[in-house]
Amino acid sequence: MRSGASWSRGQRLKNDALHALIRGALATVARLPRGAVALLCHALAALAWLVLPRERALCRARLEAGLGHPVPARRVRAAFRGAGAVLADTLALLDPAEPAGRTLALAPAGRDAFREALAEGRGVVFVSAHLGPWERLAAVLAAEGFPVATVARESYDPRLTGLYDRLRAPRGVRSIYRGRPGAATTIARELRAGRAVGFLIDLPSRVPSHPCRLFGADADLPVGAARIALARGAAVLVGTTAPDRTIHICRVDPGAPSGATRADGERILMERLARELDARIAAGPDAWLGLFAPAQARRESPDGRVSLRSVGNSR
């Protein structure tokens, strides 16, 4: 659908059923007390841990690669619980009465760094990761008065893309869908107006990428944020949630040595961004969604087993 194709009859029936299930689940969640939603998400995470052996294997291998030592089963279960907690936190944002800062706060130093970067007038490329409640991070920044737009990928089902808008738009977070015509022009316009554009770059994607080292494994990270920042002369910030439930933001120098080529500049900036994100993930890896996605493309043998050689250092 994203590339202009159409679903087969079987795909449409399956996706219609999924869409109806999702709408029904959200309608039910909207009527439940906050504590009950948290318990349901906790139960869903426990169920996922029980019935998804490949994801358990990926999570364990990714933790062991990043931490450099074997991890017990309880550490893997904790990561699944963390994903359930993020889901509950995200669902809470669908409630218009939910304060953005109820469970997450912006550190004062980060607030100052953001203001200083915006004051330069060349726009801000804000780089983040799927670490902790990243949707709430954007909502908190918007609630603080920072002009924020996020680059996102449309859902496989256009009806579900509307759910993203329902989550973000009422809180002042604008979505720029990269597959839609004019996305690049919209990003350039946001930066030219001195606003911030957010990019999540910690997971592999079908876009131009650069090989980096991230949490103990080789990973192909999208290069678009670095390329745009260098082309526009925008300030570059890295911001993620921390285990203490605060948003930490720091500035990253995009400059390259004199005489460096454009490709060298992109490589240097990508490596700086990867190092910064690596440190953030290492401080709280159980809250990172990347534990459930291989650093590189998923490899499967003919019998359907997942190969983890792309995840570990020597596996």
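Every number in this text was worked out from the coordinates using simple rules, so none of it is lab data. Note that the coordinates shown come from a computational prediction; the quantities given were computed from them, not determined experimentally. Reconstructed Cβ throughout: ideal geometry from the backbone, glycine too, with neighbour counts over all protein chains shown.
Here, P(r) means the percent of Cα pairs in each 10 Å bin from 0 to the largest distance; for the range 126-179 it is 24, 57, 19, 0. Which label belongs to the value computed from this structure, given these candidates for volume of the Cα convex hull per residue in Å³: [x] 153; [y] 141; [z] 114? Looking at volume of the Cα convex hull per residue in Å³ for this model, the match is [x]. Rounded to 0.05, the FRET efficiency of the ARG34 and THR261 pair, given R0 = 45 Å and the Cβ-Cβ distance, is 0.30. How high is the FRET efficiency from ASP253 to ARG206, r the C-beta distance, R0 35 Å, rounded to 0.05? It comes to 0.75. Over the chain, DSSP H runs of length four or greater, each weighted -39,500 (n - 2.57), average out per residue to a 222 nm ellipticity of -15500 deg cm²/dmol.
Looking at the range 101-283 alone, DSSP beta bridges between its own residues are antiparallel in about 40 percent of cases. Hydrophobic, long helices, defined as DSSP H runs whose alpha-carbon span along the helix axis is 20 Å or greater and whose mean Kyte-Doolittle value is at least 1.6, occur in the chain at 34-51. What's log10 of I(q)/I(0) for the range 101-283 at q = 0.10, 0.11, 0.14, 0.19 Å⁻¹, Debye sum over Cα points only, no solvent? The calculated log intensity ratios at q = 0.10, 0.11, 0.14, 0.19 Å⁻¹ are -0.36, -0.45, -0.75, -1.45.
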